[in-house]
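Here the structure comes first, spelled out in structure tokens, and everything after it is commentary.
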């Protein structure tokens, strides 16, 4: 027996288009399932299917089966949410029924519920305009952010991470082979967000592309590079930015480097001590930032300008620059060796 929520998603195969429209209006889900007398799901109808049917000459009294999609996608009960999201993205659908072996309805996956997190007012900017020369030959015919890690483009991983954390407005700066990025992501609707492109006519570097942003941004923006494999702590870095009332916040992480030689400590030509192969543990810039909108006034228009230049200007003007420590794993996919490591391929 179906729960009340699932009942609202099902109509019998004897229903007409008017019945399907009424069901969709009542369930607020933009979709309804069509069930056989044996309660098996035999088709799916969206509000778009109904509109196309009516424009094609059907009426409210026409059988709902006339606009029903029989070749619908469904999944078994144990399918994980990540796999369902992949299906939705690949097939550009927003609803996937969960059925048993007899096609009886057990549940429904909805894109907005998989995404889950409430929408944040903040926008994100992803820098994806570089040529990726150090990553050749992988980037000869592919922009670096579109290089795949574990079967998925790096940039897609970043966007899904942002969307999963409530970021729905995303700007992507593009230049080298930027059309490939636009073709893959479009307006962002298939990924649960709105995407606008900042098209660089000349190379602007990591900071200069910020001058292409609209001037009416009201909330702190997240800025990150498009070649990073990490999980961004959106909540944490935004909370840090707010706590310090910062003009800018930079994400930092530990970097451990083992010196492969004995280190000499000396003074005035005399040996003090030897240290055999010490490990240095330092904080590094992870290339993830939060900027208050007023900071963008420091970025010169349409000029090559690095993010480090922006932070130098902020410090020179005594602005508040906070640091947010991240414990997330992080890989900057800048060289072929980095890409192999990100894909779990051992170096020879």
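The values are calculated or read from the model by the stated rules, or taken from the named source; none is laboratory data. Values in this document were obtained by computation on a predicted structure and should not be read as measured data. All Cβ positions, even for glycine, are placed from backbone atoms using ideal geometry, and neighbour counts span all protein chains on display.
Numbers below:
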quantity: Verdict on residue 8 being assigned by TED's automatic domain parsing to the domain that holds residue 97, closer than 23 Å to residue 103 by Cβ and either out of contact with any strand residue (DSSP E or B) (no Cβ under 9 Å at 6 or more places or on another chain) or at pLDDT below 90 (or both); calculated: yes
quantity: Subset tally (residues that are touching a residue at least 24 places away in the same chain (Cβ under 8 Å) and within 28 Å of residue 19 (Cβ to Cβ)) for the stretch 85-100; calculated: 8
quantity: Whichever residue in the stretch 291-302 is in contact with a helix residue (DSSP H, G or I) (Cβ under 8 Å, 6 or more places away or on another chain) and outside any loop (DSSP other than H, G, I, E, B) and, among such residues, is surrounded by the fewest Cβ atoms within 10 Å (Cβ to Cβ); calculated: 296
quantity: Residue list for the stretch 214-246, filter: part of a loop (DSSP other than H, G, I, E, B), within 19 Å of the chain's Cα centre (by Cα) and at pLDDT below 90; calculated: 226, 227, 231, 232, 233
quantity: Residue match in the stretch 151-173 (condition: more than 27 Å from residue 236 (Cβ to Cβ), touching a helix residue (DSSP H, G or I) at 6+ places or on another chain (Cβ under 8 Å), part of a loop (DSSP other than H, G, I, E, B) and modelled with pLDDT under 85); calculated: no
quantity: Some residue of the stretch 327-335 being touching a helix residue (DSSP H, G or I) at 6+ places or on another chain (Cβ under 9 Å) and more than 28 Å from residue 221 (Cβ to Cβ); calculated: yes
quantity: Boolean, residue 83 is touching a strand residue (DSSP E or B) at 6+ places or on another chain (Cβ under 8 Å), in the same structural domain as residue 16 (by TED's automatic domain parsing) and modelled with pLDDT under 80; calculated: yes
quantity: Sole exception among (1) in contact with a helix residue (DSSP H, G or I) (Cβ under 6 Å, 6 or more places away or on another chain); (2) surrounded by 13 or more Cβ atoms within 10 Å (Cβ to Cβ) for residue 120, by number; calculated: (1)
quantity: Candidate set: the stretch 65-88, residues that are under 14 Å from residue 108 (Cα atoms) and touching a helix residue (DSSP H, G or I) at 6+ places or on another chain (Cβ under 7 Å); chosen: the one surrounded by the most Cβ atoms within 10 Å (Cβ to Cβ); calculated: 88
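Residue by residue, here is whether (1) outside any strand (DSSP E or B); (2) within 24 Å of residue 124 (Cβ to Cβ); (3) at pLDDT below 90 holds:
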{"position": "263", "(1), (2), (3)": "no, no, yes"}
{"position": "282", "(1), (2), (3)": "no, no, yes"}
{"position": "285", "(1), (2), (3)": "no, yes, yes"}
{"position": "289", "(1), (2), (3)": "no, yes, no"}
{"position": "304", "(1), (2), (3)": "yes, yes, yes"}
{"position": "312", "(1), (2), (3)": "yes, yes, no"}
